[in-house]
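Shown next, in structure tokens, is the structure this report addresses.
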Amino acid sequence: MVASGLSRKGRAVVFMSATILVALVLYVYVSVLGEHLTAGLHTNLLKIPVLALSALLAYLGVRALNVALFDFVFRLRRGYEAPTLVRNIFTLIAFTILFVLIFKWQFTDINLGALFTTSAIFGVIIGLALQDTLGNFFSGISLHADRPFQVGDVIVVGQQKHTGVVEGITWRAIKIRTFSNHVVLVANSSAAKEAIEVAPRNNLNARLVFFGTLFTDSPAKTIHVVREAVHDADNISRKITPIVRIRNLGESAIEWEIKYWLEDYAKYNDTDALVRQRVWYALRRNGLAFAYPTRTIQVERKGPAKPTTAEEAIIDRLSAVEVFAPLSLDEIQKVAATTVAHVFAPGETLIRAGDAGASMFVVHNGRVQVQVTENGRARAVAVLDEGDFFGEMGLFTGEPRTANVVALDETEVLEIGHEAMRGLFEKNPSLVESISWTIAERRAGLAAGSQQASQASLDESAGLLTSIKRFFSLR
Ligand code: CMP
């Protein structure tokens, strides 16, 4: 084969030039020797170059026919690449027929049949030497005839359970690329004897991922939480909702399995890992826990409890939130005691536009992005960092969430509920005012942040103040 680095056009040019050159040499040879080829002492000897050149020309012709038949006609009619083995068999048969014809034409006095018969012993010797090769060859043909898998399918084959993507079937072997990017060649003859597990490329193939939770955790809640967490992960098919089910009530855990279907089965390692990651975050956020051997210890506390480092960090975080500036330390501590911390994975959605919402969030660690969907595409409106808050629009107006909020990094947020805010509003009227300002500004940001919009925000803030007060039943 010509160097694979050449383009299709380059190869065609090289091919055409070679054909013309061979034809020219043959023509010159035949013209120069002329009648010596038909009569004379060394006629047969002189004919050998003619045979060789004609055979070469025949070979080039067969190659051209091969390309025309398989690259154009076959691909157009069947819609996929013709297997290499089939192409090679075609070349071999067509070339043998042409060679015999050329031979008979040049050497009319030599009996080819007799030549083959007398070389029968030679044939047996060759046959024995090529036993394995021929075995592979015929197994390859039967694999092609069966078509149990195609290039691009994932297969598990052989006693060593070689797993990978099929790259081709040759005379000798099936070539697969493993997930460690190694190439494994499984001899056709041994593959024909083994069971082959095939995950076809254009098929919804499923995977199972396992995990275990504590017996105290609610199975219904676990099913809901895990299904929600994994259904929109990358490469999971949207056509079938993942199934989350208990596979066993084990000695120390409720043992679960998640069955999900993949768009691209060749990426199942990454997708399994992503599913496990999503499960970890979802369980943690929802107060569910992985099972491990546990022991209950009773601890007796003497004197008033001191805040832990985590609680202190939450108090510090809330104190640094700009709109909470009017609050006293005591009030901040009370809010801190009611907050619930949640951790989200990068890419996870914290708030979905249109949902109802009865709480707001302060970014404790990480970053989130506020997005609106326009013409089916997400447009980023703002990025909120540690100490920023979001979700206040839904909480204070009672209206549906105005935007999607998505974690950019692993993000921990502190959730503050309706009741905690109501207590603060009663004692801090300025807090209501600054929050209604923020809401008005953010609404203007959603409407694209023009001059007009910011003027509108001033007018809007007064109206908002009244509706927030009404919503929280304040005077
Ligand atoms: P809410 O409507 O409850 O849910 C989506 C949240 O995105 C919204 O509250 C705000 O907290 C936040 N948000 C909306 N628009 C903006 C904006 N322009 N700038 C920053 N945050 C915004």
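The values are calculated or read from the model by the stated rules, or taken from the named source; none is laboratory data. What you see is a predicted model, and the numbers here were worked out from it, not measured in a lab. Cβ atoms come from the backbone with ideal geometry, glycine included; neighbour counts cover every protein chain shown.
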field: Residue within segment 168-178 that is surrounded by fewer than 17 Cβ atoms within 10 Å (Cβ to Cβ), basic (Lys, Arg) and under 20 Å from Leu262 (Cβ atoms) present
entry: yes
- prompt: Do you know which of the residues in segment 401-414 that are within 12 Å of the ligand (Cβ to nearest atom) and outside any loop (DSSP other than H, G, I, E, B) is farthest from the chain's Cα centre (by Cα)?
  reply: Val413
- line: Subset of segment 180-230, residues of a type in the set (D, E, K, R) and part of a helix (DSSP H, G or I), comes to Lys193, Lys221, Arg227, Glu228
message: Quick test for you: out of Gly391, Gly376, Gly398, Gly387, pick the one residue that is closer than 22 Å to Ala282 by Cβ and either of a type in the set (Gly, Ala, Ser) or more than 7 Å from the ligand (Cβ to nearest atom) (or both).
response: Gly391
query: Hey, does segment 333-341 have a residue that's within 16 Å of the ligand (Cβ to nearest atom), part of a strand (DSSP E or B), in contact (Cβ under 8 Å) with a residue 24 or more places away in the chain and within 30 Å of Pro429 (Cβ to Cβ)?
result: no
message: Suppose we filter Ala378, Ala382 for residues that are over 24 Å from Ser319 (Cβ atoms) and of a type outside the set (Val, Ile, Thr); which single one remains?
response: Ala378
- request: Would you check if there is a residue in segment 307-316 being part of a loop (DSSP other than H, G, I, E, B), away from the ligand (no atom under 13 Å from the Cβ) and at pLDDT below 95?
  value: yes
task: Can you give me the number of residues within segment 250-273 that are in contact with a helix residue (DSSP H, G or I) (Cβ under 8 Å, 6 or more places away or on another chain) and over 18 Å from Ile155 (Cα atoms)?
output: 4
field: Filter result for the condition that a residue is buried (at least 18 other Cβ atoms within 10 Å of the Cβ) and modelled with pLDDT of 90 or more, over Ile240, Ile155
entry: Ile155
task: Check segment 426-435 and report whether any residue there is within 13 Å of the ligand (Cβ to nearest atom), within 25 Å of Ala282 (Cβ to Cβ) and either part of a helix (DSSP H, G or I) or modelled with pLDDT under 95 (or both).
output: no
Scope segment 353-373; condition part of a loop (DSSP other than H, G, I, E, B) and within 9 Å of the ligand (Cβ to nearest atom); matching residues: Ala353, Asp355, Gly357
message: When you scan segment 377-400, do you find a residue that is of a type in the set (Lys, Arg) and closer than 18 Å to Gly445 by Cα, even just one?
response: yes
- prompt: Picking from Leu329, Leu414, Leu350, which residue would you name as being under 23 Å from Glu312 (Cα atoms) and either among the aromatic types (Phe, Trp, Tyr) or surrounded by 18 or more Cβ atoms within 10 Å (Cβ to Cβ) (or both)?
  reply: Leu414
